[in-house]
Structure formats: C-alpha cells, structure tokens
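The values are calculated or read from the model by the stated rules, or taken from the named source; none is laboratory data. These figures come from a predicted structure and were not determined experimentally. Please note: Cβ atoms are built from the backbone with ideal geometry, for glycine as well, and neighbour counts cover all protein chains shown. The area values use the complete protein model at the heavy-atom level, side chains included, leaving out ligands, DNA and RNA. Shrake-Rupley method; radii C 1.70, N 1.55, O 1.52, S 1.80 Å.
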There are 2 protein chains.
Amino acid sequence: MLAKRYINNPVVRPSDIKPSMEGMQIECLLNPGVFMFEDKLWLLLRVAERPVQKEGQVSFPVLRDGKPEILSFMKDDPELDDADPRVIKYKGKHFLTTLSHLRLVCSDDGVTFHEPEGYAPIMGTGPQETFGIEDCRVTTMEDGYHLTYTKVAPEGVGVGYLFTTDWKHYEHRGMIFPPHNKDCAIFDRKTSDVYHALHRPSSPEIGGNYIWLAESPDLLHWGNHRCVATTRENWWDSARIGAGAAPISTPDGWLEIYHGADHKNRYCLGALLLDTRDPSKLIARSSDPIMEPTAEYELTGFFGNVIFTNGHVVNGDKLTIYYGASDEVICMAEFSLKEILKSLKHEL
Amino acid sequence: MLAKRYINNPVVRPSDIKPSMEGMQIECLLNPGVFMFEDKLWLLLRVAERPVQKEGQVSFPVLRDGKPEILSFMKDDPELDDADPRVIKYKGKHFLTTLSHLRLVCSDDGVTFHEPEGYAPIMGTGPQETFGIEDCRVTTMEDGYHLTYTKVAPEGVGVGYLFTTDWKHYEHRGMIFPPHNKDCAIFDRKTSDVYHALHRPSSPEIGGNYIWLAESPDLLHWGNHRCVATTRENWWDSARIGAGAAPISTPDGWLEIYHGADHKNRYCLGALLLDTRDPSKLIARSSDPIMEPTAEYELTGFFGNVIFTNGHVVNGDKLTIYYGASDEVICMAEFSLKEILKSLKHEL
C-alpha cells in the first residue's frame, strides 16, 4: 500500500470546532488547504454549517449582505428533492444543504490541531459567494500565500483568488475562472516566465469534468487553456477528475495528486506527472488509485466513500497529505514521493 | 416595429457557396462576423457541411490532423438519437451533425455578396477544433482585426482567439475562455486602461447560461469575471442568453445586441445597456425583444424559429445587423440606435 494512514485518524472532527454563530451546527469539515506559517503547520478547513434542524423541515442558510439568512422547506413538499445530502432541488433550482466558510487551525506536531486566537474565519462575501466558499488551495510563494477557492452562488460556481501575507488581512482578487469551474491549483513558481494553474471546467454536453492547464503573466488574468487529462471510461476516475494542491516539483517532472470519482460518486486519489518545462504535456498517470476509501471513516459519514485532498506538505521524500474523509472529518496520510513516481504508467 | 428587414432577404444562401471539398454539401450558413476592409463590407460566414447522406445512414465529419474523416451510424441503431438536427447522441456521447468552418464573402452594396479570390477559408485545426469552429465575432481595432469564435472538440467547447491584419495570415492566440463557453465579444477599446469582453459560460447545475464580463491587460489573459445579465424565467429569454457582436459606444452607455432563447429554442434579439465607465453595471435592458422570428425564412429551415446575430455595422444612427435565420440562411435588417435605446427599460 502506498498510503500510510495516521493511526489516530481523524485529526480534526466537527465537534472540535465551534460553530460560527448561535443556532448553527457544524455538519462537516472538508478538504483543507495546507501551509507552513510561523514554524507551525496550518490547515485552512472548509467548515460546512446548517441551522439546527426542526422536525418535518429542511432548513439551510444563504448569505445576504454577508449575513446568513435561513430558508426552510417542508420535508413533505412534493416539489422538494432532498435525496442528495449535499444538494436540495426545489422547483428545478439547486441549493446547498450547508453553507461553507474557511477556518484556520494550526499544529506543532502535524496531528494535534487547535484554533489559534486572533485569526478570523474567512466568510463568503458579495453576490458571487451567496452560497458560501469551499475547498481552498494554498500556494506558498516568496511574496506570500496565494489562495484559490470555490465561489458558490446562484449565478454559478467559479474560482476565487485571495492573497495574504499574515493570515489576518486578505486582498480579494476576484473570480479568475468563470463557471462552471473549481479545483484550481496554482503552481508555486513560473515556468518559462509564465505562471501556470490547473483547473477544472465542466461541460454540460460535449466535454466533461477534466483537468485543464492555464497560463498567466500576473496570476490575475489567465489564458491559453489546454486540456491535460480526461476521465477514463469504466475506470475509478470515469466521472470526474480534479487537481489537488499545487504540483510538486520532482526530478521527473511536476507531480500532481488528483481526485477521481466514478459514476457512483466514489472518490479516490491518483497522480499525474507533467513535463517540467512544458506542463501541458502529460508524461505519466496512475493506473490504479494511490489511495482508495477503505478505512471506516472513509466509507461512512456525511457523504461516504470519499477521499478528497487539496493540501499537503513535502519533506524530502515524504509527502504528508491532509484530506477530507466521507465529506465529514479531516485525516492525514503519508506517502513516499519515489514510490508514487515508480507506480505511474508512462503508456497513456 | 424596430427591425426593418431587407426586402430581398436572405442575402446569402447555402447554394451561393461552394462546398470546401468534393463529397461534402453545405447544409447551413450561420451567424456571420461583420467588418469593413478595403472599402468593402465583409461577412465571415459560418459554413456547416456534411457528407452527401446515404439512405438509412447518418454520416458526419470530424477533423483528424486537419482533415475531415467521415463517421457513419445506421439510422435504425437503437443507441442512436438523432431527434435534434444539430446534435447526434450515440451511447451517451455527443457529436455534431455538421462540421463548421469560416468563409469570407464581400460586398460593395451590403446586400450582394461574392466570394473573393485569394482569401482562404478558416478551417479548424488541432485537438481543440476536431468538431470544427463556429460563430466568429470580429472586433476591429487600430492594430487589426480580433476574432473570437467557438472551438468545438470532444474535450469541450471554448472560445478561441485569432488575430489578422490582411485576412490572409492569421495568428492563433489559443483558447481564451475554457469550456463550456461561447458568444464572446471583445470591446473595441479599453475602458480605464483595461480591455473588456462579454462571454457566456454555462453551468450544468447551479447557475445557467448567462452573460458575463471579463477584463484583460493584453487580450490574451482574462480575469475578474462578473455576471452582468441572467436569463428571466417565463420570458422570451428564459433558457439562455449570449452576446452578439462588440458593444456599440453610445452617449447613454455601451449598447449590446444579444440573443435570448426560451425553453422551446425560439431565439429572439434583445438589447442591454452597460455603463460607459464600468461595463459591469447593467443600466437598462429590453423588456420585449427588438426582433423576433416572424418572416418565413426565420420560422422554417434547418432549425426553425431562430434569429441569431453576431455581426453588424454602424453608420450614424443606423445599425445594420447581419443574422442567421433558422440556422440556414444569412439575412440583413436595419435599426435606429435611438429607437433601440428608447425601447429599453431602466427598471431591472
């Protein structure tokens, strides 16, 4: 097995975190961004909340002028479809059952986390984040931390960009990839004098949920979009794939840990290898997943059978990933970079 | 009526144009880009071709290494769904019934067109244009002509960008908006030192087919995406809307002619007014369409009940639009800009 799970997983659970306001409860912790800051390891958690539920009703929050407003439907309303725990369909419209924001926790040992004082949560703001913000990747560069995350609103789901140096002040840099797009990971340095990012546009008919590459001179404006990897029919990554955190520079090329889901919404992890000088060239790819949901906390939970990562740290050959398990708890696992690279197939 | 149709419409029909190669027939002419060049008015037509059909079969072309290759299905294959004349569905995959390229015709009087010698068609090329190229907008600037068009391939449908000064040599500038995106119109000048473009991302679930604005320092890389107009439930533009050609600068603001379709795929034209200094601000919008399919050639054809424009010329108060009617023939109509502006509703 490539993945060595931390024996005391999960490392953070919903009960470890306080709700953002009275009347709300934390349903899930998901998919943290990961970074080093002031000699500690930090997670930027996605915290999904909803109001304490009343019998016979489904209640969920949306943001108006930055403040949560509660919407409620009767559970027996024939127009209501709440079969998916993540999404409510009502009269053809989609709402999220929970509202997500981002929360900082930090650790000295990489497995014991606490919420430090003085670091405010990052809440959704403005019309592009009415349904919240999700799944933040943190790319660390010399000038500071570059955050890409999912902006969710009735007008669509796109990629937002924030910049910070101190985790107390944030510069909002707008939506950098328009709907429908998520899973954006910015490379931590320029290649041939341009920045690169992986992202995941979605198509309703022609096309699919594939990983694309884009270029930028300034991280704000992006072009030259090219598809680097598609889903594979009848494989574990047949329905959708998306980038994890920023690619890891290795002697063999840029190594990207990605998630792949099948049509039963089972999420596994795999890896891609991209050419060092031209990251639009896919060199190698996982045939089997490098990690599949097998532990109990990965099989059952808010949305079971899910492993999803978008944050890690690298120390020499050791890759430590933090991941959301069953869309509910945060876990940790370690890999050897060499072993991952050795496992990749060069015949694509 | 705001629209004055040219009495001898259509101005160009499929029979006026030669197929690009032997064995192919032109099914439709669609949605031309429009520009002035060497004192003539030019249309950059979308020409949709398919192979001469054999009985009992559906045959259509795809491009491989820039050359058309014919795919055929038996009409009685139970896996085949050819109910939509534009799209073939086979085993869950989507193909186009026709392959489109772009063709130049020019005119001295604006209504009599011919194919000039020495100007080659623009054909799809490379993996992003396997299913062809469509619906080109031409934005004329001091340095030359900036072309935005739809790149269609199995990996998705996105916006391509070409630049030319002489209509004989083209600089390929890549995909500027990733899937699913089309209907991109670049403004013909900078506002507050940045370029702007309208574009139309599509979302499979949350969101829809709305008109968005993007910014760019160099026309190649785009960011700060914001939604400027959405569809309106139970209106003529309830299912999808998309920009026409480059916005027209008027004393009241940027005037944009757009198309709106309802859930029965009836396409009409409307107008939007955007703030001169901040085109992300929608000031006014058509309540009723400025033009609806009513003429016989607009009601019936390859795909009936369709008026679609992405090209026009402005002379003083006179706006002359060229448009695709019923996805089959090219027509012309004239408007007064003042009358369109007067018709817009400022209460949004």
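Numbers at a glance
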{"read-out": "A:K93, A:K40, A:K264, reordered so the largest accessible area comes first (probe 1.4 Å)", "value": "A:K264, A:K93, A:K40"}
{"read-out": "Average Cα contact separation per residue, segment A:4-343, under 8 Å, 6 or more apart, as relative contact order %", "value": "15"}
{"read-out": "Per-copy distances of the B:E117 label point, shortest first, in nm (7 angstrom along Cα→Cβ)", "value": "8.7"}
{"read-out": "For B:163-175, mean number of other protein chain Cβ atoms within 10 Å", "value": "1"}
{"read-out": "Shielding by other protein chains, A:155-162, mean Cβ within 10 Å", "value": "5"}
{"read-out": "Summed side-chain charge close to A:S336 - residues other than A:S336 whose Cβ falls under 15 Å, Lys, Arg +1, Asp, Glu -1", "value": "+1"}
{"read-out": "Per-residue mean of C-beta atoms belonging to partner chains within 10 Å, peptide B:235-248", "value": "0"}
{"read-out": "Mean residue ellipticity (222 nm) of the protein assembly as shown, computed from DSSP H runs ≥ 4 via -39,500 (n - 2.57), nearest 500", "value": "-500 deg cm²/dmol"}
{"read-out": "Local net charge near A:Y90, Cβ-Cβ under 10 Å (Lys/Arg +1, Asp/Glu -1)", "value": "-1"}
{"read-out": "Positive minus negative residues near B:L104 (Lys, Arg vs Asp, Glu; Cβ under 14 Å)", "value": "0"}
{"read-out": "Charge dipole (segment A:4-343, unit charges on Cβ, about Cα centre) - positive-most of A:V329, A:F187, A:I241", "value": "A:I241"}
{"read-out": "18 Å Cα-Cα threshold exceeded, pairs from B:K54/B:K75; A:K182/A:K281; A:K93/B:K91; B:K182/B:K345; A:K318/A:K342; B:K4/B:K338", "value": "A:K182/A:K281; A:K93/B:K91; B:K182/B:K345"}
{"read-out": "Largest to smallest accessible area among A:L282, B:L80 [probe 1.4 Å]", "value": "A:L282, B:L80"}
{"read-out": "Separation of alpha-carbon centers, segment B:152-186 and segment A:136-153, rounded to whole Å", "value": "28"}
{"read-out": "Cα gyration tensor category, rounded, prolate or oblate, for segment A:128-254 with a/c compared to 1.5", "value": "oblate"}
{"read-out": "Euclidean distance between Cα centres, segment B:8-67 to segment B:288-348, Å", "value": "21"}
{"read-out": "7 Å along Cα→Cβ, label-point gaps from B:M36 to other copies, nm, shortest first", "value": "6.3"}
{"read-out": "With DNA, RNA and ligands ignored, accessible area of B:D76 (1.4 Å probe; Å², nearest 10)", "value": "120"}
{"read-out": "Accessible area of B:D193 in the full protein assembly, 1.4 Å probe (Å², nearest 10)", "value": "120"}
{"read-out": "Prolate/oblate/rounded call for chain B, Cα gyration tensor, a/c under 1.5 rounded", "value": "rounded"}
{"read-out": "Heavy-atom SASA rank of B:S249, A:S238, B:S343 (probe 1.4 Å, accessible area, largest first)", "value": "B:S249, B:S343, A:S238"}
{"read-out": "Approximate shape of segment B:94-156 as ellipsoid semi-axes (Cα gyration tensor, √5λ), whole Å, largest first", "value": "25, 15, 10"}
{"read-out": "20 Å-binned pair-distance histogram of the protein assembly as shown (Cα, whole percent)", "value": "18, 49, 29, 4"}
